[in-house]
2 protein chains.
Amino acid sequence: MSILIKNSKIVTQNEERKILEGDLYIEDDLIVEIGKVNVEAEFVLKNKIIMPGLINTHTHLPMTLMRGYGDDLPLEEWLTTKIWPIERKLNEKMIKAGTRLAFIEMISTGTTCCADMYFFEDTIAEVALEMGMRCFAGFSIIDFDTPEMKSEMLLPECEKFIKKWKKNEMVKPVVAPHSTYSCSPETLQKSSELAKRYDVLLHTHCSETRNEVYTVLKKYKSRPLEQLKKNGMLTEKTILAHCGWITKGEVMEIAKSGACVSHNPVSNMKLATGGYTPLPELFNAGAVVTLGTDGAASNNKLDMFETMKFAALIHKHHRWDASIVNAQQTLDMATVNAGKFFGVNASIEEGKKADVICLEIEPNLIPIHNIVSHIVYSASGFNVSDVIINGKMIMRGREFIYVDKNKIMEEAEKAKEELLSK
Amino acid sequence: MSILIKNSKIVTQNEERKILEGDLYIEDDLIVEIGKVNVEAEFVLKNKIIMPGLINTHTHLPMTLMRGYGDDLPLEEWLTTKIWPIERKLNEKMIKAGTRLAFIEMISTGTTCCADMYFFEDTIAEVALEMGMRCFAGFSIIDFDTPEMKSEMLLPECEKFIKKWKKNEMVKPVVAPHSTYSCSPETLQKSSELAKRYDVLLHTHCSETRNEVYTVLKKYKSRPLEQLKKNGMLTEKTILAHCGWITKGEVMEIAKSGACVSHNPVSNMKLATGGYTPLPELFNAGAVVTLGTDGAASNNKLDMFETMKFAALIHKHHRWDASIVNAQQTLDMATVNAGKFFGVNASIEEGKKADVICLEIEPNLIPIHNIVSHIVYSASGFNVSDVIINGKMIMRGREFIYVDKNKIMEEAEKAKEELLSK
């Protein structure tokens with residue numbers, strides 16, 4: 001496949017964070033040329049803002065099916081009376097429907113790579129492959145039975161899952177023990193050993209709520225991060241979702257370990273966790289800081305543009321300092337910081353993999369004083385007109401090329417009906 | 001003009017907050033019938049979410065020209081080194097360009113009525129009329145010369161402005177003394193007398209920052225709200241923008257007065273004011289609470305859907321309570337609360353004025369568990385497909401019918417160039 005995008009502004013996110021003006025040419029899976037390009041191409045676009053695709057480092061894809069189901073409830077009540085009872089009824093067909101819906105929402109709002117964590121992860125991985133999404137598929141490990149299988153089957157099935165997907169280019173297997181409050185030390189240890197054995201990533205929740213911190217502290221005499229560390233889970237291959245209630249000492253521990261923090265401001269605010277992932281301290285310590293939406297049940301969407309804006313604004317307000325978490329730092333979290341951690345290209349440079357999105361310049365992006373500011377503070381996911389993943393044009397002019405959007409929406413609606421009627 | 005919208009979900013925002021399924025028929029400026037309607041109509045739409053147009057109760061329209069100009073700066077530095085110097089260079093032509101841009105952004109994201117406050121307000125009012133927008137045009141009164149005229153001319157010119165627009169159906173004149181820190185007691189008094197004499201609204205900033213509160217307290221021995229009250233400005237016809245730093249006593253004063261609070265969460269967070277407009281207390285006291293975007297220079301957009309989401313989430317997080325500021329309360333702020341205060345219809349009921357918007361059901365609004373939740377937490381302004389103001393179809397399928405969107409965008413870009421080059 002060949003794609004030529006003419007006469008555009010290019011937010012490269014290269015080392016110097018250069019903004020270029022010109023053309024971009026993509027062939028097969030690579031960015032071939034940037035500048036003044038005169039070639040024939042299968043797809044020709046023009047007058048766009050070109051930027052790297054966004055990377056969502058923490059989500060639960062099939063939870064789109066619970067979007068708007070039980071809002072405005074305290075976290076505990078939301079989980080126990082709404083989410084957990086309905087999750088028990090999930091089956092493979094519903095998972096497919098919810099995951100497809102998640103991917104069309106994500107892709108149409110500019111996300112080209114995500115780190116998921118849920119049950120039925122093999123089904124999710126298959127859907128990712130079918131949709132052309134880059135996905136770090138987290139096989140959930142937890143100390144209770146899932147709607148898919150008995151608890152004791154999770155680790156052996158996860159190993160099979162790793163073997164199946166290890167060599168896939170687009171979908172990578174991840175071991176995802178749920179958290180320190182839902183996994184015993186033994187489960188955490190076995191998970192980390194499994195990940196180490198196959199050299200794959202780990203993904204877990206860490207210090208999302210204050211209650212979690214004190215529950216774990218009471219039970220194990222360790223805060224969640226210590227508990228992870230003691231059980232081999234604090235590594236340079238670990239995604240730590242949330243970290244809303246971590247200490248300054250823990251900031252240093254995380255930075256030293258090389259683990260990746262996934263900051264999920266929208267979900268944290270909606271669930272009223274009260275915590276503030278300490279971004280300025282994490283930046284200063286040199287930690288890897290990235291952004292996630294969390295699942296659509298607690299967000300309630302999967303739009304990384306919205307997440308960027310919330311991420312920048314929440315900290316400014318909290319610290320009474322408008323200069324904190326600036327636009328460039330925020331865009332970095334959603335692109336290159338995550339890209340570096342995952343080993344996925346998240347810049348626009350010749351010879352690199354083409355995970356590229358184009359924005360249509362609508363009234364909300366006019367006039368142009370500063371494109372990076374516009375991306376973080378003014379853009380919506382709906383400004384995304386075209387999405388290229390691994391060199392393949394997945395969405396063109398907001399139309400999906402390979403999948404039937406309406407059918408996916410209908411099937412998700414049907415899956416919800418079935419879920420509620422069971 | 002006649003408009004028929006078939007087979008839709010209708011969020012009425014009537015007294016009972018009913019959600020209906022069916023058709024909606026609009027003729028001339030009125031909602032004529034809701035239910036099963038079989039008539040011929042000039043415009044026929046189908047399968048939408050129909051809801052009242054949103055009301056933005058605090059903005060500075062031409063500031064779209066400064067969108068992204070000087071972000072990530074502390075408030076004081078932002079104003080003194082960026083905004084004020086550039087505002088001095090504004091002329092009527094630029095004001096027109098910036099205001100047109102603001103209106104196409106607002107309309108295309110579902111706002112059908114706004115309360116503005118700026119210089120060159122007569123020009124702004126003319127543009128509102130030209131674009132078909134419902135606008136409460138606030139003529140700024142301030143104790144220094146504006147780019148338009150000498151300070152001493154403001155009150156007499158404001159009176160002329162009131163006389164010119166008083167009887168207009170779509171554009172209503174408002175007296176807008178800027179604030180207690182930029183207007184002397186005498187200016188406030190004269191402004192309130194002028195508004196009283198012509199029975200028009202007042203619009204002012206109140207307790208946006210902590211610094212403002214202490215500056216005013218030091219200078220006048222009164223906090224901003226007291227200062228307004230002492231000078232005749234705390235009335236049932238006053239819009240108080242921000243109120244981020246008010247006391248419990250002030251909450252009661254505001255509720256008793258019948259004044260309208262315009263909460264601007266995005267701007268407050270972006271400028272890092274640190275204050276939290278006390279919505280739960282204002283609701284409990286029975287105060288009129290509404291939402292605004294503020295100007296695009298501090299937001300950086302004019303999307304009331306985004307503002308609704310920020311408004312709901314900021315308070316949940318701050319109070320550690322996910323049930324605070326729920327979806328229905330948030331939608332009420334953006335519709336009926338403001339409508340009642342302004343005397344503008346903001347519900348979908350037979351016989352009422354037709355200020356109506358339609359949402360296209362995209363992946364982010366699927367599946368449908370709860371439409372009001374979707375409007376507040378999942379929708380984007382870009383879901384708005386059609387906008388009807390005073391019965392007139394202004395935007396259809398995201399295309400503007402009467403104005404040239406591309407030309408407006410080009411002229412705004414040119415105005416910015418001129419502004420920077422002067």
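Values in this text are rule-based calculations from the coordinates and carry no lab data. A quick note: this is a predicted structure, and the numbers were derived from the prediction, not measured. Neighbour counts are summed over all protein chains in view; Cβ atoms, including those assigned to glycine, are modelled from backbone coordinates with ideal geometry.
Here's how it looks for residue B:32: its modeled amide H is under 5 Å from those of B:25, B:26, B:27, B:351, which are all 5 or more places away or on a different chain. Most mobile of A:60, A:205, A:317 per a Gaussian network model of chain A (Cα springs, under 10 Å)? Among A:60, A:205, A:317, the largest mean-square fluctuation in the Gaussian network model of chain A belongs to A:317.
Distant-in-sequence amide contacts of residue A:241, defined by a placed amide H-H separation under 5 Å and a gap of 5 or more residues or a different chain, comprise A:204, A:205, A:206, A:262. Coupling constants for region B:368-376 follow from the phi torsions by the Karplus curve (6.51 cos²θ - 1.76 cosθ + 1.60, θ = phi - 60°), and in residue order they are 9, 8, 8, 5, 5, 4, 4, 4, 7 Hz; glycine and proline get x. Within chain B, the longest segment free of exposed loop sites, counting chymotrypsin sites (Phe, Trp or Tyr not before Pro) that fall outside DSSP classes H, G, I, E and B and have at most 14 other Cβ atoms within 10 Å, spans B:145-401. Only helices enter this figure: runs of n ≥ 4 DSSP H residues, each worth -39500 (n - 2.57), summed and divided by the residues of chain A, yield -10500 deg cm²/dmol at 222 nm to the nearest 500.
Sorted from nearest, the other copies put their residue A:21 label points 5.4 nm away, the label point being 7 Å from Cα in the direction of Cβ. Straight Cα distances below 25 angstrom link residue B:230 to the lysines B:190, B:196, B:218, B:219, B:221, B:248, B:256, with same-chain residues fewer than 8 positions distant left out. In plain terms, the chain from residue A:1 to residue A:402 could stretch by 143.0 nm, reckoned as 0.36 nm per residue minus the Cα-Cα distance.
With angles folded into 0 to 90 degrees, how steeply does helix B:304-319 sit against the dominant principal axis of chain B? Use alpha carbons for both and round to 10. Approximately 70 degrees, to the nearest 10. Give, as ranges by residue number, the residues of region A:80-95 whose backbone N falls under 18 Å from the point 7 Å along Cα→Cβ of residue B:19. From region A:80-95, the list is A:82-83. In a DSSP loop and with at most 11 other Cβ atoms within 10 Å, the trypsin sites (Lys or Arg not before Pro) in region B:1-74 are B:36. Using a Gaussian network model of chain B with C-alpha springs under 10 Å, which one of B:389, B:124, B:86 is most mobile by mean-square fluctuation? Highest fluctuation of the listed residues: B:86. Think of the protein assembly as shown as a dipole: +1 on every Lys or Arg Cβ, -1 on every Asp or Glu Cβ, centred on the Cα centre; then among B:7, B:245, A:351, B:245 lies furthest on the positive end. Taking only Cα atoms and a 10 Å spring cutoff, compute GNM fluctuations for chain A and point out the largest among A:64, A:247, A:204. It is A:247. Sequentially through region A:88-94, phi angles give Karplus couplings (6.51, -1.76, 1.60; θ = phi - 60°) of 4, 8, 5, 10, 4, 5, 5 Hz, Gly and Pro residues having no value and appearing as x. In this structure, residue A:321 and residue B:82 have a Cβ-Cβ separation that, at R0 = 22 Å, corresponds to a calculated FRET efficiency of about 0.85. Short-range pairs are left out: with C-alpha atoms under 8 Å and at least six residues apart, the relative contact order of chain B is 21 percent.
Charged neighbours of residue B:399, selected by a Cβ distance under 10 Å, balance to +2 (K, R count +1; D, E count -1).
Near residue A:63, once Lys and Arg are set to +1 and Asp and Glu to -1 for all other residues with Cβ below 11 Å from its Cβ, the sum equals -2. Sites listed here are GluC sites (Glu not before Pro) in region A:1-91 whose DSSP assignment is loop and whose Cβ has at most 13 other Cβ atoms within 10 Å: A:15, A:16, A:40, A:42. Of the cross-linked pairs A:93/A:164; A:48/B:46; B:353/B:405; A:164/A:352; A:316/B:316, which ones have a Cα-Cα span greater than 29 Å in the structure shown? With Cα atoms farther than 29 Å apart: A:48/B:46. As an equivalent ellipsoid, chain A spans semi-axes of 33, 24, 21 angstrom, where each value is the square root of five times an eigenvalue of the C-alpha gyration tensor, largest first.
Chain B comes nearest to the axis taking it onto chain A at the Cβ of one residue; that residue and its distance, in whole Å, are B:382, 2.
Any idea what the dipole of region B:1-132 comes to, in debye rounded to 20, about its Cα centre with Lys/Arg Cβ at +1 and Asp/Glu Cβ at -1?
With only Lys, Arg, Asp and Glu charged at Cβ, the dipole is about 440 debye.
3J(HN,Hα) couplings calculated from phi for region A:166-171 with the Karplus curve 6.51 cos²θ - 1.76 cosθ + 1.60 (θ = phi - 60°) are, in sequence order, 3, 9, 6, 6, 8, 10 Hz; Gly and Pro show x.
Under 5 Å from the amide H of residue B:44 lie the amide H atoms of B:4, each residue being 5 or more positions distant or on a separate chain, with H modelled from the backbone and absent for Pro and chain starts. Restricting region B:127-185 to trypsin sites (Lys or Arg not before Pro) that sit in a DSSP loop and have at most 10 other Cβ atoms within 10 Å of their own Cβ leaves B:150, B:167. Within the straight-line cut-off of under 12 Å between alpha carbons, the aspartates and glutamates reachable from residue A:270 are A:71, A:72, A:294, B:321, sequence neighbours fewer than 8 places apart in one chain being disregarded. Each Lys or Arg adds one and each Asp or Glu subtracts one; over the other residues with Cβ under 10 Å from the Cβ of residue A:1, this totals -3. On a C-alpha basis, how far is the centre of region B:1-65 from the centre of region A:154-208 in Å? Whole number, if you could? Distance between centres, Cα-based: 50 Å. Under 13 Å of direct C-alpha separation, and excluding same-chain neighbours fewer than eight residues apart, residue B:163 reaches these aspartates and glutamates: B:122, B:199. Distance between the modelled labels on residue A:210 and residue A:159, one decimal in nanometres: 4.3 nm (7 Å Cα→Cβ projection). Each part reduced to its alpha carbon centroid, region A:281-359 and region B:386-422 end up 31 Å apart.
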